[in-house]
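Throughout, read-outs are computed from the coordinates displayed, never taken from laboratory work. Because the structure is predicted, anything quoted here is derived from the model rather than measured. Cβ placement follows ideal geometry from the backbone for every residue including glycine, while neighbour counts extend to all protein chains displayed.
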Amino acid sequence: MAQPSRTFHFISGLPRAGSTLMAALLRQNPRFSAGMSSPVAGLFEGVIGQVSAGSEISSMVSPEQRARLLRGIFDSYYADNTHDVLFDTNRAWTANLPALMHLFPEAKVICCVRNVAWVMDSLERQFRDNAFENTRLFNNPSERATVYTRVEALANANRLVGFAWHALREAVYSEFADRLILIDYDILVARPGDVMKLLYEFLGEDPFEHSFEDVEYDEPTFDAQLGLDGLHRVHKKVEPRPRKTVLPPDLFEKYANISFWQSMQGSAAYQITVQAPSGVAPSETMPAPTQKLDT
């Protein structure tokens, strides 16, 4: 049975940027429900497509009915979920903020970000770790032929990394930017306690003592369907794991310089990022749209 009094928030942002880790941490709180990407966003976009201009039934469905149909997707999908606060995860939410904020005026969106070169590095490592599998990340042999074609395919505007990057950039400069908090993967794994404290303040939730030594999350069945074993498996201990990139130097440099969130003048989005700006000391609260922490 639907529980309309429950609170909905959302997790979005870039792939391989900590969204699964964030969900694993949030679900430690017994009041919270969080997980990997759900089918709700796809159903959401499908319904909008069915009732939009060009559809035979578009004139039969009023704006009010459309809103009820869309809200009904959430209520139906989460009808058996008894948690007080639900976090639905999907990279498409940052591309659907106007509709999403109309349905959930109080909702917040956690946007996980990471230097794009390291996002590409992580995906390339996943590909190499599954060397005997033609993963579903790529559509044909030409795309998966070399590291250059693989990265180029992923960076396309309608593909895994490119779409998420464009959608996030749209969101941080939108009229709903103040509903967003961008959390950098590097600071999340380096100072998880500080990050979660600030996140709870942003969400308006009471503090909770999380464990960063025994984190659990895995989706082996889903990952097997993608041909990417371990894609949604998190390390038990939250900590930095420095490594050398597997990308060629020119490819790494190309994508290392497009992290637009490191300088977002004019955006009302909140940030928890790695470096404090010159001459500005980090704060333990979040009084302004930008919150930066030193590592």
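Data for the structure
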{"item": "Of all residues making up region 1-39, the number that are farther than 18 Å from E106 by Cβ and touching an Asp or Glu at 6+ places or on another chain (Cβ under 6 Å)", "result": "2"}
{"item": "Only one of F74, F10 that is assigned to a helix (DSSP H, G or I) and either under 21 Å from D184 (Cα atoms) or in contact with a helix residue (DSSP H, G or I) (Cβ under 7 Å, 6 or more places away or on another chain) (or both)", "result": "F74"}
{"item": "Contacts under 7 angstrom Cβ, first residue in region 45-61 being among the acidic types (D, E), partner in a helix (DSSP H, G or I), 6 or more apart", "result": "E45/A92"}
{"item": "Residues that are touching a helix residue (DSSP H, G or I) at 6+ places or on another chain (Cβ under 8 Å) and crowded, with 16+ Cβ neighbours inside 10 Å, drawn from region 195-218", "result": "V195, M196, H210, F212, V215, Y217"}
{"item": "Any hit, region 38-51, residues being touching a strand residue (DSSP E or B) at 6+ places or on another chain (Cβ under 8 Å), of a type in the set (F, W, Y) and surrounded by 12 or more Cβ atoms within 10 Å (Cβ to Cβ)", "result": "no"}
{"item": "Unmet criterion (only one of (1) part of a helix (DSSP H, G or I); (2) of a type in the set (A, V, I, L, M); (3) farther than 27 Å from K244 by Cα) for V119", "result": "(3)"}
{"item": "Verdict on S142 being polar (S, T, N, Q) and assigned to a helix (DSSP H, G or I)", "result": "no"}
{"item": "Region 36-53: number of residues that are in a helix (DSSP H, G or I) and in contact with a Ser or Thr (Cβ under 8 Å, 6 or more places away or on another chain)", "result": "2"}
